Every structure is written in structure tokens, then in C-alpha cells.
Amino acid sequence: MIEAPTSIRIDSESRIPKYQQIVNSIIEDIEKGNLSVGEKIPSINEISEEYYLSRDTVEKAYNLLKKKKIIVSVKGKGYYVARNVSQSQIKVLFLLNKLSNYKLRIYNSFVNSLGPETQVDLNIYHCEPKNLLNLLNENAGAYDYYVVMPHFKDEQLHHNNYNDEVIQCLKKISPDKVIIMDNYLPDLGDEVASIYQDFKMDIYKALKEGIARLKKYDTLILVYPDNTIYPYPKEIKQGFKKFCVEFDLDFEIINTIYPEMELHPNDAYIVIEENDLVNLMRQIRDEEYELGEDVGVISYNDTPLKELLGITVMSTDFKVMGETAAYMIKKRKKEVVKNVFNFIDRGSI
């Protein structure tokens with residue numbers, strides 16, 4: 001006799017397969033609190049003998065529960081409840097390439113837009129393709145949706161948009177269940193929903209909006225970090241070069257804002273990293289240059305603090321990106337959408 005807080009409910013007259021009835025019974029007991037995370041459930045043999053079912057039927061049910069990460073097997077000990085479940089909830093695995101203020105703003109907007117009826121699990125893969133592959137393989141079949149921000153780095157810490165193994169892994173998931181965010185993967189086709197930035201053309205068009213102000217400067221300087229732990233898309237650099245060449249502007253690309261920089265009047269800086277922005281602003285202050293007159297500054301990616309300080313920015317709308325991805329899930333849309341990118345002049349150029 002089974003002595004456990006779960007009771008398998010089998011209706012021999014039902015058209016629902018018996019293995020699915022086992023699955024439904026166990027999930028229902030977890031939902032009701034009859035089974036808790038970490039609690040042991042009956043063995044395959046116990047259920048088979050108690051309910052006069054074939055061992056293959058019970059094993060099929062348990063394999064399905066394991067695939068959904070609802071139960072786990074411990075060698076020599078049996079089967080245990082792995083996580084809480086709710087059949088009424090949509091389950092989303094959200095895979096971020098890095099943990100940053102900007103990425104969390106997208107994530108928070110996404111979660112808030114979906115509402116409490118959705119369970120969203122967040123994982124960070126640190127731009128490592130192998131980490132992303134492991135997370136996708138370990139969670140195959142366990143979620144209704146897989147939201148992925150595909151940004152990768154190679155051994156030289158250069159940014160890559162593409163990784164063949166990741167593409168092949170994503171293609172194994174139903175296109176209805178995948179949403180690509182922040183970057184575009186054309187190899188997945190238009191059957192996969194995507195909300196992305198066009199890093200090359202976004203910076204080009206943003207700088208073009210500010211051309212009247214930028215022309216007064218002798219040199220435009222892009223501070224583009226090379227060989228960082230979390231590298232930036234090289235398309236940012238390409239878009240900057242395209243703009244400068246097209247408008248015949250002198251330009252320079254440097255890796256960072258160095259201590260005691262050779263600041264020259266009539267230079268304008270486009271800065272990506274926050275630390276570089278802080279260091280640059282400190283040196284402008286120390287040299288007693290007037291921001292927006294002697295030296296120009298544009299920062300990449302907006303924050304409330306930059307708005308408060310009056311820093312001109314060019315930035316994607318992180319809130320809209322999260323809201324759009326949530327909308328695609330709620331409305332079951334499969335659209336490919338370029339996210340809003342704004343040039344916001346606050347007088348620092």
C-alpha cells in the first residue's frame with residue numbers, strides 16, 4: 001500500500017491516456033500543497049502495483065514529469081518533487097547575457113507587463129555560449145517560452161552576434177516558444193518572435209539627428225571598450241565610423257577614458273560605459289571646461305541620473321522592449337520588431 005501524501009486518480013472510462021492521468025494527479029497534488037518541494041513520491045513499481053498499471057505506463061508519466069523539471073530522480077533513493085507548479089501559469093525562462101542596470105530594466109518591464117499569472121525564471125549566462133547551451137538543454141521542455149538575449153564573446157573577449165551551436169539548439173525548440181530580445185538572429189527566420197536593436201544604424205541615425213550641434217566640434221571621439229568581460233557589439237563602432245566618414249568629420253576611437261586625459265577644447269565624446277562617463281565628467285570639471293560649449297558629451301543608454309545631470313544620450317527604450325516581448329507572449333504574436341531608439345538632447349553637446 002502506498003503511504004504518501006499523493007493519490008493517483010485513474011479513471012478507466014476516461015479518454016485521457018493513463019500516463020497523463022498520473023502526471024495530472026501529481027501536478028494537482030503539488031498545486032494543492034499535498035506534495036512539497038523535496039518530498040519523496042511513490043516509486044514506479046509502487047504505483048504500478050497499487051493501480052494495476054503497466055510499468056511502462058508509469059515510467060512514461062515519470063519521464064514526462066522529469067522532462068518538465070517537476071520531479072527529479074536520485075539514484076538509489078527514488079523520485080522527489082523538484083519545484084512548485086501551477087497549471088494555470090505561463091512559465092517563462094528568461095536568459096540574460098549579463099546582469100546590468102539596463103538589462104534588469106528590460107526584465108522588470110517584461111515581468112510587470114505579463115502580470116502575476118506568469119512565472120518568469122531568470123538566469124544569467126555571462127555571454128558564454130556553453131553556459132547558454134547548458135541552460136537550454138537542462139530546461140528543454142520545462143517552459144512555455146524561452147526568452148533569449150543572444151550576445152556572445154570569444155576567447156579574445158570580442159563580441160559575437162552569432163554562435164552556430166546556439167542557433168542549432170534554438171532551432172530544436174518550437175518557434176512558437178522562442179522570443180529573441182535585444183539582438184537579431186536572421187538564421188532563425190521570421191517564424192521566431194524578435195524585438196531587437198540595430199546597433200549600427202541606431203547610432204548612425206542618432207548622431208545624424210545631432211549633426212547641427214556636432215559640426216561645431218573639431219574631433220568626435222568614441223570611447224569604445226575593447227576586451228571587456230562583457231564586450232559591446234562591434235556594430236556600434238561601425239555605425240560611428242559610417243557617420244563620421246559620410247559627414248567628413250575628424251574622429252578617433254579610444255579604449256577608455258584614461259587618468260589625466262589630454263582634453264582639448266572643441267572635442268566631443270561619445271561614451272558607452274558608466275565608469276568612463278564618470279571619469280570624463282570629473283576631468284572636464286577639474287579642467288574647468290564648460291560642458292556643451294568647450295567639450296561635448298553624449299552617453300550611450302539613458303538612466304534617470306543622466307536625465308537629472310543634463311547629459312545628452314542616445315538610447316533604446318528598455319521599458320518598451322520589455323513591454324513588447326510581453327505583448328507578443330500574451331497575444332501569441334510572432335513579429336520581428338526593431339525597438340525604439342532615441343536621441344535625447346539635454347544640452348551637453
Cα→Cβ-extended label distance, 7 Å offset, between ASN342 and LEU99, nm: 2.9 nm
Fraction of beta bridges assigned by DSSP in segment 64-179 that are antiparallel (%, nearest 5): 30 percent
Separation of the ASP121 and LYS66 label points, Cα + 7 Å toward Cβ, nm: 1.7 nm
Exceeding the 25 Å Cα-Cα cut-off - candidates LYS215/LYS241; LYS60/LYS334; LYS18/LYS334; LYS306/LYS331; LYS75/LYS171: LYS60/LYS334; LYS18/LYS334; LYS306/LYS331; LYS75/LYS171
Karplus 3J(HN,Hα) series, Hz, for segment 250-255 with 6.51 cos²θ - 1.76 cosθ + 1.60 (x for Gly, Pro): 5, 8, 8, 10, 10, 7
Selection from GLN21, ILE44, ASN63, by position along the positive dipole direction of segment 1-80 (Cβ): ASN63
In sequence order, calculated HN-Hα J values of segment 229-236 (Karplus, 6.51, -1.76, 1.60; Hz; x Gly/Pro): 4, 10, x, 9, x, 5, 5, 4
Folded to 0 to 90 degrees: helix 199-209 orientation relative to the chain principal axis, Cα: 40 degrees
Computed E for ASN24/SER174 - FRET, C-beta separation, R0 25 angstrom, nearest 0.05: 0.70
Rounded to 5, percent antiparallel among DSSP beta bridges of segment 116-264: 15 percent
Qualifying lysines (Cα of each under 17 Å from Cα of LYS330; at least 8 residues distant if same chain): LYS91, LYS177, LYS319
Charge dipole (debye, nearest 20) of segment 160-214; +1 at Cβ of Lys and Arg, -1 at Cβ of Asp and Glu: 240 debye
Karplus 3J(HN,Hα) series, Hz, for segment 103-112 with 6.51 cos²θ - 1.76 cosθ + 1.60 (x for Gly, Pro): 5, 5, 5, 5, 4, 5, 5, 4, 5, 5
Length added when fully stretched, GLU246-ASP56, from 0.36 nm per residue minus Cα-Cα: 61.5 nm
Positive-pole candidate from SER100, ASN161, ALA140, dipole of segment 96-237, charges at beta carbon: SER100
Nearest-0.05 FRET efficiency for ILE167 and ASN255, computed from C-beta distance (R0 41 Å): 0.85
Dipole magnitude of segment 61-153 about its Cα centre (Cβ charges: Lys, Arg +1; Asp, Glu -1), debye to nearest 20: 320 debye
Lys/Arg +1, Asp/Glu -1 at C-beta; segment 179-274 dipole; positive extreme among GLY239, ILE229, ILE180: GLY239
Mean shadow area of segment 1-102 over all directions, Cα convex hull, nm²: 8.8 nm²
Accessible area of the chain belonging to carbon and sulfur atoms, whole % at 1.4 Å probe: 47 percent
Descending semi-axes in whole angstrom, ellipsoid equivalent of the chain, from the Cα gyration tensor: 53, 18, 17
Scaled radius of gyration (Cα, divided by 2.2 N^0.38 Å) that segment 258-329 gives: 1.37
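So what is the accessible area of segment 248-349 per residue, in Å², with the probe set to 1.4 Å?
52 Å²
The values are calculated or read from the model by the stated rules, or taken from the named source; none is laboratory data. Values in this document were obtained by computation on a predicted structure and should not be read as measured data. Here Cβ is always computed from backbone atoms with ideal geometry, including for glycine, and neighbour counts include all displayed protein chains. Note: areas computed on protein heavy atoms with side chains; ligands, DNA, RNA excluded. Shrake-Rupley method; radii C 1.70, N 1.55, O 1.52, S 1.80 Å.
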